[in-house]
Amino acid sequence: MNDRAQLFEAGMPADAIDARPAARQPVALGVEEALARTRLFPFWLDNPAEPPAEPKLTSDTRADLLIVGGGFTGLWAAVQAKEQMPELDVVLIEAGQVAHGASGRAGGIISTSVMHGLPNAVRVFPDDIAELEEFGQRNLDGFEETLKRYDIDADIEWNGEMTVAVDPEHVAHLQADYDLHTEYGHNVVMLDEQATREQLNSPLFAGALWSRNRSGIVHPAKLAWGLKRAALKLGVRLYEHSPLTSVTDEGESVFVKTPEGGVRAKRVLFGSGTAKVGIADINRRVLQVRDHVLATEPLTDEQLARIGWKNRQGIYDTRTQLNYFRLTKNNNIIFGGLVSYHFDGNPDPQQDQQRETYYRLAQAFCKTFPQLSDVRFSHAWGGPIDYCSRGSVFAKRYLGDKAVFVAGYTGFGVAASRFGAFMGLNILFDRQSPERTLDIANQSPTYIPPEPVRWLAAKVTFHAFDGADAEGGWKRAWIKGIKAMGFPM
Ligand SMILES: Cc1cc2nc3c(=O)[nH]c(=O)nc-3n(C[C@H](O)[C@H](O)[C@H](O)COP(=O)(O)OP(=O)(O)OC[C@H]3O[C@@H](n4cnc5c(N)ncnc54)[C@H](O)[C@@H]3O)c2cc1C
């Protein structure tokens, strides 16, 4: 149908047609141009609503509970500890600023599962699925109740999560996932190519699995800042720009030093992700992978109409080098998913600053949404993923059971971190709770080989990721081999 026919159908008088301004064609920018004004900084943190930093720790102090790390794990631990044990004196130290680690850099897709999804739960703890599913539901109940209780507005939209097949061959995998989710009572729908494109229009999409269980999207920094406010309101003493520099087990207590002070605590919860905190065993079980993200400028209504997305789901695709994407409140697209590994888990890798990384990610965006060739990217950033062989959170005791370390979300911790902190506190304070009878609380992920094997294996794996879908061959075989060794891909 041409413009003239459309206008006639809409009942516009014929003589109005020639007076109408010519429809503007989008001007394709090219990837270089689309990235020309991009700021290398997380979109979520580039916000004047960020609360001011709390003071540094500048003296020695005592606490019943010290929490190390001001990301979701540490913040949820602080809030839950004070709510459940108000008599505790709780101190939280953060090396930089709250939410400047993985938490304020996340895509912000909220998953129902505490296990990095049902298929991963089946892979890791096949005998405990019913309980793990229940933990996921209760975790989200508690998540929602807490946000209401403290009036935390984090732009949440419960529109579900959708996995889109980028190759007709992948539809069979989605069908298998559909069957699995249906078996466990999830509210899921399988979409064919046309129905998928009606939800979100990309020439790549061949089908989709849309989970309408409670899941969706959140502004991760606003969530973290809200939890920070709640922790302060509950009486947590919070110190920013106060990194742990050493840990000493003093028998009855633990002494944690910072550059200008220290905390002597009866118990310590480490919510420090992949950082090195002086306990070598931790970094044998988790390794830091960097993931990278782009944010577009806000789409106009007309640009958004080109791709649809009326239901605003959080999306993952089925590429081996997975991409995930979502809308923000103002209709910027957050488009993430290009992983890299740096020797010994370098926390500040150069690659986060390199245009080449974002150029490749922008190319993936353009392939996914060629209709948006006139859209610029406003922000680009990288962040740490705490990868472990279990692919989901674990909590392990250290320092004569006076400390517990909680991490391992492997890229899925936005909601699961509340459960991780809950389980960590139960272990640390030796409290009875349903999860403590299960392997999830009593087993830890296996060791990952040390450097330089780690670096070499990661390099080959990420090189394989890049061509596995199109080329297959040794790349696909290598990834299969790594999976067979028990590492989630
Ligand atoms: C790019 C990216 C996209 C992601 N997208 C999603 C998503 O869409 N959905 C999802 O569910 N998950 C996602 N994740 C994962 C999610 O962000 C994490 O699982 C979650 O934020 C982990 O929270 P955390 O508190 O354990 O870690 P962090 O947020 O990293 O917090 C750890 C904190 O410890 C501090 N710290 C470190 N060392 C010290 C020290 N010595 N002393 C004091 N403090 C210290 C750090 O500064 C940091 O603030 C994503 C992650 C990344 C990086």
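Quick notes on this structure:
- For region 346-363, the candidate set comprises residues that are closer than 20 Å to L322 by Cα and in contact with a strand residue (DSSP E or B) (Cβ under 8 Å, 6 or more places away or on another chain); within that set, the residue that is surrounded by the fewest Cβ atoms within 10 Å (Cβ to Cβ) is Q351.
- Filtered by the rule that a residue be part of a loop (DSSP other than H, G, I, E, B) and crowded, with 17+ Cβ neighbours inside 10 Å, region 445-489 gives P445, I448, F487, P488.
- Test: K257 is basic (K, R), under 19 Å from H100 (Cβ atoms) and either within 14 Å of the ligand (Cβ to nearest atom) or part of a strand (DSSP E or B) (or both): no
- Residue that is nearest to S215 (Cα to Cα) [pool: residues in region 401-416 that are touching a residue at least 60 places away in the same chain (Cβ under 8 Å) and more than 8 Å from the ligand (Cβ to nearest atom)]: G408
- Residues being hydrophobic (A, V, I, L, M, F, W, C) and surrounded by fewer than 16 Cβ atoms within 10 Å (Cβ to Cβ) - total across region 77-106: 1
- Any hit, region 151-174, residues being under 21 Å from the mean Cα position of the chain (by Cα), assigned to a helix (DSSP H, G or I) and either under 21 Å from G391 (Cα atoms) or not hydroxyl-bearing (S, T, Y) (or both): no
- Taking first residues from region 52-73 that are among the β-branched types (V, I, T) and partners that are part of a strand (DSSP E or B) and near the ligand (Cβ under 6 Å from one of its atoms), the Cβ contacts under 7 Å between residues at least 6 apart in sequence or on separate chains come to V68/I93; T73/A407.
- Residue match in region 424-442 (condition: on the phi > 0 side of the Ramachandran plot and modelled with pLDDT under 95): no
- Residue in region 265-279 that is in a strand (DSSP E or B), within 14 Å of the ligand (Cβ to nearest atom), farther than 24 Å from S444 by Cα and not small (G, A, S) present: no
- Per the listing S389, S373, the residue uniquely in contact (Cβ under 8 Å) with a residue 60 or more places away in the chain, among the polar types (S, T, N, Q) and closer than 22 Å to P26 by Cβ is S373.
A quick yes/no check of all residues on (1) among the β-branched types (V, I, T); (2) surrounded by 20 or more Cβ atoms within 10 Å (Cβ to Cβ); (3) farther than 20 Å from T196 by Cβ:
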| site | (1), (2), (3) |
| --- | --- |
| E297 | no, no, yes |
| R306 | no, no, no |
| N330 | no, no, yes |
| I333 | yes, yes, no |
| L338 | no, yes, yes |
| Y341 | no, yes, yes |
| D344 | no, no, yes |
| P384 | no, yes, yes |
| Y398 | no, no, yes |
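- Restricted to region 30-76, and to residues there that are surrounded by 13 or more Cβ atoms within 10 Å (Cβ to Cβ) and β-branched (V, I, T), the residue that is farthest from Y398 (Cα to Cα) is V31.
- Qualifying residue in region 362-370 (condition: within 16 Å of the ligand (Cβ to nearest atom) and under 21 Å from G101 (Cα atoms)): no
- Applying the set (1) in contact (Cβ under 8 Å) with a residue 60 or more places away in the chain; (2) more than 14 Å from the ligand (Cβ to nearest atom); (3) surrounded by fewer than 24 Cβ atoms within 10 Å (Cβ to Cβ) to V236 leaves exactly one unmet item: (3).
- Scanning region 285-321 for residues being in a loop (DSSP other than H, G, I, E, B), out of contact with any Cys (no Cβ under 9 Å at 6 or more places or on another chain) and of a type in the set (V, I, T) gives a total of 3.
Table: residues versus (1) charged (D, E, K, R); (2) within 27 Å of R390 (Cα to Cα).
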| position | (1), (2) |
| --- | --- |
| E83 | yes, no |
| V91 | no, no |
| S103 | no, yes |
| R123 | yes, yes |
| E131 | yes, yes |
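- Check on A395, away from the ligand (no atom under 11 Å from the Cβ), in contact (Cβ under 8 Å) with a residue 12 or more places away in the chain and under 21 Å from the mean Cα position of the chain (by Cα): yes
- Verdict on D127 being of a type in the set (D, E, K, R), assigned to a loop (DSSP other than H, G, I, E, B) and away from the ligand (no atom under 14 Å from the Cβ): no
Residue-by-condition table, conditions (1) buried (at least 21 other Cβ atoms within 10 Å of the Cβ); (2) aliphatic (A, V, I, L, M); (3) out of contact with any Pro (no Cβ under 6 Å at 6 or more places or on another chain):
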{"residue": "G251", "(1), (2), (3)": "no, no, yes"}
{"residue": "V254", "(1), (2), (3)": "yes, yes, yes"}
{"residue": "K257", "(1), (2), (3)": "no, no, yes"}
{"residue": "R264", "(1), (2), (3)": "no, no, yes"}
{"residue": "F270", "(1), (2), (3)": "yes, no, yes"}
{"residue": "I279", "(1), (2), (3)": "no, yes, yes"}
{"residue": "N283", "(1), (2), (3)": "no, no, yes"}
{"residue": "Q288", "(1), (2), (3)": "yes, no, no"}
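- Within region 191-203, the presence of at least one residue that is in a strand (DSSP E or B), without any contact (Cβ under 8 Å) to a residue 60 or more places away in the chain and crowded, with 17+ Cβ neighbours inside 10 Å is confirmed.
- Search result, residues across region 65-105 that are out of contact with any strand residue (DSSP E or B) (no Cβ under 7 Å at 6 or more places or on another chain) and either assigned to a helix (DSSP H, G or I) or more than 15 Å from the ligand (Cβ to nearest atom) (or both): F72, L75, W76, V79, Q80, E83, Q84, M85, P86, E87, S103, G104
- Single condition A208 does not satisfy, out of (1) small (G, A, S); (2) in a loop (DSSP other than H, G, I, E, B); (3) buried (at least 19 other Cβ atoms within 10 Å of the Cβ): (2)
The values are calculated or read from the model by the stated rules, or taken from the named source; none is laboratory data. Keep in mind it's a predicted model, so treat the numbers as computed, not measured. Cβ coordinates were reconstructed from backbone atoms using ideal geometry, including for glycine residues, and neighbour counts include every protein chain displayed.
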